[in-house]
1. Which single residue of chain B puts its beta carbon nearest to the axis of rotation relating B to A, and what distance, in whole Å, does that give?
2. Can you list the copy-to-copy distances for residue C:339, using a point 7 angstrom from Cα toward Cβ, in nanometres, shortest first?
3. Put a point 7 Å out from Cα along the line to Cβ at residue A:209; what are the distances to that point in the other copies, in nm, shortest first?
4. Once you have a ≥ b ≥ c as the square roots of the Cα gyration tensor eigenvalues for the stretch B:1-86, tell me rounded if a/c is under 1.5, and otherwise prolate or oblate according to whether a/b is larger than b/c.
5. Sort largest first and round to whole Å: the equivalent ellipsoid semi-axes of the stretch B:240-293, each the square root of five times a Cα gyration tensor eigenvalue.
6. Which of the aspartates and glutamates could a cross-linker span from residue A:250 if the Cα-Cα distance has to be under 19 Å and same-chain partners fewer than 8 positions apart are dropped?
7. Every other copy gets compared here: list the nm distances from the residue B:445 label point (7 Å along Cα to Cβ) to its counterparts, shortest first, one decimal.
8. Heavy-atom accessible surface, probe 1.4 Å, ligands and DNA/RNA ignored: which residues of the stretch B:95-112 lose at least 40 Å² versus the isolated chain?
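The values are calculated or read from the model by the stated rules, or taken from the named source; none is laboratory data. In this text the structure is predicted, and so the values were computed from the model without any measurement. Note that we place each Cβ from the backbone using ideal geometry, even for glycine, and neighbour counts take in every protein chain shown. Note: areas computed on protein heavy atoms with side chains; ligands, DNA, RNA excluded. Shrake-Rupley method; radii C 1.70, N 1.55, O 1.52, S 1.80 Å.
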Amino acid sequence: MKFIHEDFLLHTRRAARLYHQYAEAEPIFDYHCHLSPRDIAANRQFKDLFEIWLEGDHYKWRAMRANGVEERYCTGAAKPFEKFQAWAATVPHTLRNPLYHWTHLELKRYFGIDELLDEESAARIWKKAGERLATPEFSAQGILKRFKVAALCTTDDPTDSLEHHHALAASGFPTRVLPTFRPDKALAVHQPAHFNTWLKRLEEAADTEIPDLAHMLEALQARHEYFHAQGCRLSDHGLAQCYSDFCTLKTASAIFARARRGRAASPAEQGQFGAFMMLFFGRLDADKGWTKQLHLGALRNTNARLLSQLGPDTGFDSIGDYPQGAALAAYLDTLERERALPKTIIYNINPADNYVLGTMIGNFPGDGIPAKVQMGSGWWFLDQKEGMEWQLNALSNLGLLSRFIGMVTDSRSFMSYPRHEYFRRVLCNLIGGDVERGELPDDETLLGPMIRNICFANARQYLAVPGVWSQEEARKAPAHPAQRAVSRR
Amino acid sequence: MKFIHEDFLLHTRRAARLYHQYAEAEPIFDYHCHLSPRDIAANRQFKDLFEIWLEGDHYKWRAMRANGVEERYCTGAAKPFEKFQAWAATVPHTLRNPLYHWTHLELKRYFGIDELLDEESAARIWKKAGERLATPEFSAQGILKRFKVAALCTTDDPTDSLEHHHALAASGFPTRVLPTFRPDKALAVHQPAHFNTWLKRLEEAADTEIPDLAHMLEALQARHEYFHAQGCRLSDHGLAQCYSDFCTLKTASAIFARARRGRAASPAEQGQFGAFMMLFFGRLDADKGWTKQLHLGALRNTNARLLSQLGPDTGFDSIGDYPQGAALAAYLDTLERERALPKTIIYNINPADNYVLGTMIGNFPGDGIPAKVQMGSGWWFLDQKEGMEWQLNALSNLGLLSRFIGMVTDSRSFMSYPRHEYFRRVLCNLIGGDVERGELPDDETLLGPMIRNICFANARQYLAVPGVWSQEEARKAPAHPAQRAVSRR
Amino acid sequence: MKFIHEDFLLHTRRAARLYHQYAEAEPIFDYHCHLSPRDIAANRQFKDLFEIWLEGDHYKWRAMRANGVEERYCTGAAKPFEKFQAWAATVPHTLRNPLYHWTHLELKRYFGIDELLDEESAARIWKKAGERLATPEFSAQGILKRFKVAALCTTDDPTDSLEHHHALAASGFPTRVLPTFRPDKALAVHQPAHFNTWLKRLEEAADTEIPDLAHMLEALQARHEYFHAQGCRLSDHGLAQCYSDFCTLKTASAIFARARRGRAASPAEQGQFGAFMMLFFGRLDADKGWTKQLHLGALRNTNARLLSQLGPDTGFDSIGDYPQGAALAAYLDTLERERALPKTIIYNINPADNYVLGTMIGNFPGDGIPAKVQMGSGWWFLDQKEGMEWQLNALSNLGLLSRFIGMVTDSRSFMSYPRHEYFRRVLCNLIGGDVERGELPDDETLLGPMIRNICFANARQYLAVPGVWSQEEARKAPAHPAQRAVSRR
């Protein structure tokens, strides 16, 4: 039998039935990814498997390095096909790693390839995939259509012009491509050189001067409004831990002023400043009805030597073991006390914290909003079968799985859309297994809709983004320019 | 097939056999719960499913809130049947949550109801259950009899008069209803208003004045003796972490004095005071041969806004991620050095700590007392299949499962007694599965007694409470008044 | 069926096939253990089951104590057979504990005994095993031969003369018995009495005086070279957490000087000194191409009363819950920046940290060395089925299982060699199960070599120790005296 077959990962008859009946056909709402809006707007055509598959994939680089492959074949100067060969030679060494599943699922779904990738098959697969990549079906937009991506949210700096989002909205391209407001750089008072460079960009984007914190807040609010007008309904933050050492505007302003003059904030000061800013961002999101995403717990840039050579996001990050509970509670509670807690999705990187976060989400209900604080799907190193199962089980045992808004690719690659299929198979496999063991009622009128909702409808209803809408079509939101473009279709 | 059937949760033939042969018929020793002694003594009759099932159940409130139900249907002003309807409508959304199992197991065991609860079946089930609740079989005492509860230990403040326990002992009611000494309020020097209010009650209960720490210690010791005389043999403490910053009587006295005058202790001072008091309580328990329970790691009252509206224990607590190992070791060791370490049960709320605590219990053996320090059964958020299995597996791998004293309901509701059944099914399912896979010998002379012991006999022997006794009928303990009452039967 | 049968722990047909075909026959490379080199050199013959099985086994003592057995039958004055009887009576109480499996696997593999051990069978088993122990096949060397141990690495203090290793190398005994450099005592500036006693031994071993830190470093380097000459290629460190508060030579020298004069270092000073020394040791290992082992996270000597009676390593240690990520990253990164990071194996004692460490190992690739930083096999309390599976799954999901260097006994007992078999069964069971479920390709040309490599070849290639060699026979290392002895064979 082929490795990737119809019932891959579906280990019981019920699991297979539930998947094929309820999950398979659902559209995709990829509400968190790192795709390039430029590539989508330009409808990029990929030259070869290197461009679409290896170009920026630090998962693969890590595996290759662990396999003893030299850097020149990962991020270095080797030729595209050489790099592909090095990857192909590594693949058989990734048995039991999610890369082994993803690789073959992607080859199958994009190119209909059933062969296992290895050194020997590399050239054949390179050629066959290359031919298909040359067709319009495999342009950036073609791929989104092919995988029924109803909407996707990219990840963008507040200083971004969003020109590509604007162009896409105007173009009538049916997949909603919406920005996400990710202001991590606004917290970097401990790195004044970076901070001031970024402030310059913010000044330009907001067409203002930023001599002090008050003006930065104004500029950020203006950008938040601009993003909103472009259809943005999500923000995102990458934090080792939540900041919880809240301080006054006066204190934060003094820290800002020093950083503005080039003096790095101490860790304690940066903590205060971060706490101040995160409250500010929370209020902005709550005010506009956005959803805030918190990506908690990564330990980044651990290898200074290779960081200085290769830059960030090149495969030298890992899972941190920071305490999360008390600080996260303090952050959410502080906003809740002012009734300024937005809808929030907490992504967890350390499986040891699943139960901590799975209980935290239950502490902040929103009158009438089901599962207002969500436990995000398995993130980064947890975006694999074991990690997904842990997340699904924790959420099931501690909260309401039925209200889960489901999967995101979180990917930089247009080859990652089968991750949604992968997730849905894992989900249906768990539920089908429970039914087989009698731990869930054998009743598809109960289980079918739940599965469908987790695949798509819950995210749609919860996020209520322009063009995908609901929550009563987002309470008839005023038609912003970009939204007009969206609804013109 | 009915959802709750004879072999529910028993996935192999051996599991089913072991459960029905060895576990099912054992009586219950519910040595930790939060039932109301007043309700038992008054032999309360419950008017409807709301009173017996929803009245104080923060698990259900959390699920309802997560389902978007308004507070008015949880703790608010809605009518009992409206609240029940809101709960019924939430039930289908709890698929894969333990509430889904508990709900239907309880409906089946109490009322013989096989229907799944949902909006449509709500009225029928309300009516049918209501009829049965009107019968004497469903009074508080009737229920305890029905579920073969040999003994239960409530949770009581040292200032409690224990009048209901006394009345019950005098009444000849066959289930032993014994108090547990839970002096958490004695540590609250950081909340002087609460602390002094409570001290006033302690003064009255102990019929003394408490101008200083020495007098508080005397009063507590007197109450400890009074509890002992009423058949109490367990204490209990709810702590985020163990206190381990031990201090002298002089330091503790100074902290007490300031709190007595209304000045709140700093966190550091409260830590010292807590450490001092916990050693004091340890000595009291060791001296009397009691068992100390430590409930470690909860992160409580995270939502200040709703706490101020609804009070504590209403569903806004979660799992903390505090370091536990070193402080717990320091606490146990300090008592051990003075040979004042009582039998101790450590309940763990964070599954990430199971292995830390599962090894800790092995460090403090008691000459001749098997498993003198116990790892408590799955607690609170862990009181479900996955959580129980983790606890059982950790204990099995790191210690002696055969010496485990088993399950408690830890519940405020008279509807929770099937939790013992649930636990026993999980236990037998694990063991039966091991046998099927050849990982345990297929020998019921080995496995049967082990299961029976975990269900009842181990707890009896370990706790040795009046009227249930053993450890050679608790070494022929002198007959206290309450114990006389008990043994009069 | 017998409890230990051919397919013990192998729950699918593929698992059984993979084990018998690829794993079973592989030789053993036990690169970390605590066997006594003296016993091997003297080819010790064991008098009875007590000597070979119970003499120093704190796992068994813990179980016996948890079973209520008095200390006199554990470490005390009882006679060997009495102690064995106490152990035998405890065995049925260890159901589901790894001791139950190990016990019967060891009885089967060493003595062909199929009976279950308990009070009743104790005398028969004592007798039967005793008879076999009297034969030459059961001498220390006989056992190593019987279990096809190609090489083993003991654990040795830098002050050790290594006379037994030398004698063994000279003797032509085919199993390579190599030392490991474990300099934990060099960090003990917080215990000046112990520290100075040990320095005296170091002075003697290095034939020098050590008035200051510089001289200690020189002496340690000399011993490191001496160990190298005796075939040593591994170092080892037992640390609660990595030290990361790096300091200058000047600061470290001052701390040393105070400890040398008998003044205990403060915890902060000890932390600085430890960090300084660990960098020093890292450089030594990197320079010589050794592999550094880090055993992280144990919480040792928790029971002061019994520690003072029985000494360390007697069963009063447990799993700590220290944060590991940031400090470990800092340590590895600091060495990496100087290009002085040796091959490193990180052993983890807390399963909650598996994912933290499983990602950390990917951050420090070595050009051309596959999996230069390794995640060590399940250690101590994790050296059991559940613990091994977690380690294997974490490593699989986060890194390359195929590059794993596999199992060690970490044992003080000559009866522990079936642990390798146990591990291999667990490994093959996981992989076979994956194949059955279609999660791995059903292709033995892929899976067979991977299994074989994990059993032996990966460790050989990675560690490249004298006499077992490779990495192109350790780049034709210059023939040291001990190595000459080794190659003389």
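1. Nearest residue, distance rounded to whole Å: B:352, 2.
2. Computed spacing set for this position: 6.4, 6.4 nm.
3. Copy-to-copy label distances at residue A:209, shortest first: 7.2, 7.2 nm.
4. Working: a/c = 2.73, a/b = 1.56, b/c = 1.75.
Verdict is oblate for the stretch B:1-86.
5. Working: eigenvalues 103, 29, 18 Å².
Working from the Cα gyration tensor, I get semi-axes of 23, 12, 9 Å.
6. Residue A:250 reaches A:212, A:218, A:269.
7. 5.4, 5.4
8. Residues passing the criterion (a loss of at least 40 Å², heavy atoms only) are B:95, B:96, B:97.
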